[in-house]
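The values are calculated or read from the model by the stated rules, or taken from the named source; none is laboratory data. Remember, predicted model here, so these are calculated numbers, not experimental data. With ideal geometry, Cβ positions are generated from the backbone for all residues, glycine too; neighbour counts draw on all protein chains shown. For the accessible areas, the whole protein counts, side chains as well, though only heavy atoms, and no ligand, DNA or RNA atoms are used. Shrake-Rupley method; radii C 1.70, N 1.55, O 1.52, S 1.80 Å.
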Amino acid sequence: MSSSPHMSIANAIIGNVKETANNSDISIDNSERLRTSIGKVVCVGRNYAAHAEELGNEVPSAPMLFMKPASSVVSIRQGIERPNPAIFGETHYEAELCIQLATDLSKATLEEAKQAIGGVTLGLDLTLRELQTELKEKGHPWERAKCFDGACVLADWLDANAFGDFKNVHYQLNINNELKQDGDSALMLFPVYELLVNISHAFSLQAGDVIMTGTPSGVGALHAGDVLTLKLGAHEWQTEVK
Ligand code: ZN
């Protein structure tokens with residue numbers, strides 16, 4: 001091999017990703033942001049009625065919030081690594097529309113929330129479902145099921161201006177070429193701006209923080225070798241389960 005060390009590293013990073021050609025216009029290289037700027041990842045549970053129903057949960061009257069630590073974040077370019085299934089049970093995928101803040105946000109108005117959005121992408125809120133169910137039944141917190149290393153998989157950040165008012169954003173997750181999740185932000189129980197306002201009244205958000213806005217129905221277990229394709233408008237990312 002005559003390639004330079006620099007080339008080898010680049011190849012390793014992009015090895016599992018295939019992007020459509022027209023991605024380059026507004027796609028932002030997120031490797032730097034992923035490493036340095038995320039303080040916390042705020043996740044919204046049960047933001048789609050159909051997903052609440054499939055897990056036998058009630059539809060909430062206020063956004064149900066939980067967090068993932070920055071240490072759980074990985075780029076989709078790294079591929080998906082599950083905790084050992086023999087020890088931890090099934091890892092489920094949850095494809096979600098994700099927002100990154102460009103500015104701090106505290107007790108925000110709708111207009112301030114709108115102005116604070118810096119980037120948009122898709123992510124996978126990976127969940128140890130069997131462990132989560134066990135913890136829920138005991139009334140215990142579920143960090144063990146949601147916060148493991150690699151539990152927050154993020155694709156590349158896109159410019160927020162391309163998404164209008166976020167009322168009409170479509171996204172999909174295909175696994176091995178089969179459609180598994182079909183997301184439409186019009187079906188969110190709490191839409192993006194309202195979510196940011198609501199969260200910012202519960203606690204302060206900081207520039208770099210990520211919001212995972214909840215998963216549509218169709219969640220399920222990942223298996224070794226599964227090829228996942230995430231689609232957001234004309235953008236597409238592909239990654240494989242190790
Ligand atoms: Zn989720």
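So, in the range 200-228, how many residues would count as being open to solvent by 10 Å² or more (accessible area, probe 1.4 Å), hydroxyl-bearing (Ser, Thr, Tyr) and either within 16 Å of the ligand (Cβ to nearest atom) or closer than 15 Å to Val153 by Cα (or both)?
1
Select from the range 38-63 the residues that are aliphatic (A, V, I, L, M), closer than 11 Å to Leu189 by Cα and assigned to a strand (DSSP E or B) and list them in ascending order.
Across the range 38-63, the qualifying residue is only Val44.
For the range 64-101, give me the residue count where each residue is touching a helix residue (DSSP H, G or I) at 6+ places or on another chain (Cβ under 6 Å) and in a loop (DSSP other than H, G, I, E, B).
Qualifying residue count, the range 64-101: 2.
Pairs please, first residue from the range 71-98 and within 21 Å of Thr215 (Cα to Cα) and within 16 Å of the ligand (Cβ to nearest atom), second anywhere and assigned to a loop (DSSP other than H, G, I, E, B) and of a type in the set (Ser, Thr, Tyr), Cβ atoms under 8 Å, 6+ apart in sequence or on different chains.
Taking only residues 6 or more apart or on different chains, the pairs are Glu94/Thr215; Ala95/Thr215; Glu96/Thr213; Glu96/Thr215; Leu97/Thr213; Cys98/Thr213.
Those residues that are more than 14 Å from the chain's Cα centre (by Cα) and of a type in the set (A, V, I, L, M, F, W, C), I need them from the range 214-242; list them, please.
Ala221, Leu222, Ala224, Val227, Ala234, Val241
Within the range 109-122, identify whether any single residue is within 16 Å of the ligand (Cβ to nearest atom), modelled with pLDDT of 95 or more and either basic (Lys, Arg) or in contact with a strand residue (DSSP E or B) (Cβ under 7 Å, 6 or more places away or on another chain) (or both), and answer yes or no.
Within the range 109-122 (the criterion being within 16 Å of the ligand (Cβ to nearest atom), modelled with pLDDT of 95 or more and either basic (Lys, Arg) or in contact with a strand residue (DSSP E or B) (Cβ under 7 Å, 6 or more places away or on another chain) (or both)), the answer is yes, since at least one residue qualifies.
Here are some residues: Leu179, Leu158. Which one is away from the ligand (no atom under 15 Å from the Cβ), of a type in the set (A, V, I, L, M, F, W, C), within 13 Å of Leu230 (Cβ to Cβ) and in contact (Cβ under 8 Å) with a residue 60 or more places away in the chain?
Just one listed residue meets the conditions, Leu158.
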